[in-house]
1. Answer with yes or no whether B:E336 is exposed (fewer than 13 other Cβ atoms within 10 Å of the Cβ), charged (D, E, K, R) and at pLDDT 85 or above.
2. Checking A:G188 against (1) surrounded by fewer than 18 Cβ atoms within 10 Å (Cβ to Cβ); (2) part of a helix (DSSP H, G or I); (3) within 14 Å of chain B (Cβ to nearest Cβ), only one condition comes out false. Which one?
3. Just for region B:233-276: of the residues that are surrounded by 15 or more Cβ atoms within 10 Å (Cβ to Cβ) and polar (S, T, N, Q), which one is nearest to B:P346 (Cα to Cα)?
4. Return yes or no: is B:T245 at pLDDT below 85, assigned by TED's automatic domain parsing to the domain that holds B:Q338 and not acidic (D, E)?
5. Hey, A:A63 hits all of (1) at pLDDT 90 or above; (2) under 30 Å from A:V147 (Cβ atoms) but one; which does it fall short on?
6. Filter region B:293-306 down to the residues that are among the β-branched types (V, I, T) and surrounded by 15 or more Cβ atoms within 10 Å (Cβ to Cβ), then identify the one that is modelled with the highest pLDDT.
7. Looking at A:A165, is it over 19 Å from the mean Cα position of the chain (by Cα) and either more than 7 Å from chain B (Cβ to nearest Cβ) or not basic (K, R) (or both)?
8. Would you confirm whether any residue within region B:251-263 is without any contact (Cβ under 8 Å) to a residue 40 or more places away in the chain and part of a strand (DSSP E or B)?
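The values are calculated or read from the model by the stated rules, or taken from the named source; none is laboratory data. All of these numbers come straight from a predicted model, not from anything done at the bench. Virtual Cβ from ideal backbone geometry, glycine too; neighbours counted across all protein chains shown.
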Amino acid sequence: MATTRILEWLGRLYIWLLLAFLYLPIIIMALMSFNVSPFYQLPFEWTTEWYGSLWQNDQLIAATRNSIEIAIITTVICVVLGSAASLALFRYEFRGKKFLQALLFPPIAIPWLITGTAMLIFFFGVGIGRGLFAILLGHVALALPYVIVVVSARLQTFAPELEEAARSLGANQWQVTRRVTLPWIMPGVIAGGLFAFAVSFDQFVVSYFLATPGQTTLPVEIYAAIRKGFTPEINAVSTIIIVVSMALMLLTARFFKFGGEK
Amino acid sequence: MAGVQVSNVSRSFGAHKALDDVSIDFADGGFYALLGPSGSGKTTLLRQIAGFDFPDSGRISIGGESVERVPVEKRRIGMVFQNYALFPNMSVADNVAFGLSVRGEAKVVIATEVQRALDLVQLGTLGARRPHQLSGGQRQRVALARAIVTKPRVLLLDEPLGALDKALRVDMQIELKRIQREIGITTIFVTHDQEEALTMSDRVGILRDGRLVQEGPPEEIYDRPKTEFAATFLGDANIFRGDSTGNGIRLPDGTAIEAGAGPTLAAGAKASCAVRPERIGIATDTGAPDTTNDNVLKGQVSKRIFAGNNSTYFVERAGQTLKVIVQNTGADRLAEGQEVVLRWSPESTVLLPAG
């Protein structure tokens, strides 16, 4: 009995240590974004000054707007292309299908540094060069496999007889997709979209390679700012990003259930 | 409503011949069972009639109209799937309404027709439920209502009762038959369950390895099978193999078995005889048997299985195990190990070509 209780206690301690390890740096940063001292001096004195000056920082705001816009456009493109690709892979048998499916996974595993270098060279080679459009293309390429993987996983739980049943009742391809297949895969589509948004919004390496001084994204801008000299504004913007990212991830967890029933 | 004609339909998947020159005439308003073991091509045939797949050669017509290249959504058929395939994101009523809705029928018409279909399958009050809130039997009824609400020309059922437990299955057999009679729709029913085929259908087609083995009313196939396969697949049968004597066979040990039915076969050719277990009389061995008209064999009871209303005796005879089913009349039961005489009339014996 006593041993069980000790084990239980140790287990709980372990979880708390793990959570502390994950969240302590973030919490400290968030707290410091509300501290008067720019040099992490204690005692803690409450202020929203840094959030105020963040508002005055045009460069940071422009970069934030770029990041959000690129993330949204990336999400829309990836969700449409990715869902369509998943449906095609699910419905049709064609030559080289297995090979194509296998090719979808390596981009997820290849280090972003290498992908970024390759994209930079390629975009220069074909005349696209650097800038926001190049960043958008890069983000779509990075996020697309995630959407396909997530939507395909959801499709694995879809019974093909449902499409056959719909067709036997006179529904054409579009009606089948819209009224039977899409409602079923919607949780996967939403989860895939949130993944795509997160991949794009958090993306640093590829964006850094493809950004130009005027056309940059928030993570790249933060990195540049830190190199020039640390300011508590960075804490403030980081805190905002963390809140938004965590909200997104919680939404993802809500919608994304591999093989789960509704 | 319409009859369905399948003429010389063949379909191969790679080297595998799933259907090999199959022709069947499904009469208008009839209830037809396609019976066969798995891999016999019965489901492939149903999918050809439905339009999910097209034949390599041959013709299929529904109501006199050639449809072998018409896709399923344009064939005006109703289909019930093995696992029902109800749309999980829709209510029962929306499931049933689907076929009318994709056709663009008016909302008022849809509501009336859906209610009528649900009433027909006795689920009139469950329209608002979701499929996962229903029992297996209820899902089955929803699937049926959904398939018939569009007034299809033919109703196709792919092992629709396979997922139900035994008691419910018997109920649904009766129910399905009632609904089919009520709306008078041509119905084609795929099953591997011989009992289902016997009890429900007007006609049965037995398939094996993509070929139609025999086709006809269930009584005819049961009483007059044309092959050993048909005899053993639809019901139980004792098969004797030997040389044809013209109107029967001679077993290797010289015993003659006279057959009252079957084709005329050249004497001396390899042939077999089929006898149903319930047609054989069994009695204790009381000396010299009277062989006036009947076929008579001696054997020894090796096993008895008591099933309440009847008993099945397994009788060993010249290395062959014969099966005899005896109604429970309260008469003396035979013990295992007992010497017995089996006796049955030539009319109960069907001569079959070898193979």
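1. Answer is yes for this residue.
2. (1)
3. B:N247
4. In short, no.
5. (1)
6. Ranking the qualifying residues of region B:293-306, first place goes to B:V301.
7. Spelling it out, A:A165 is indeed over 19 Å from the mean Cα position of the chain (by Cα) and either more than 7 Å from chain B (Cβ to nearest Cβ) or not basic (K, R) (or both).
8. yes
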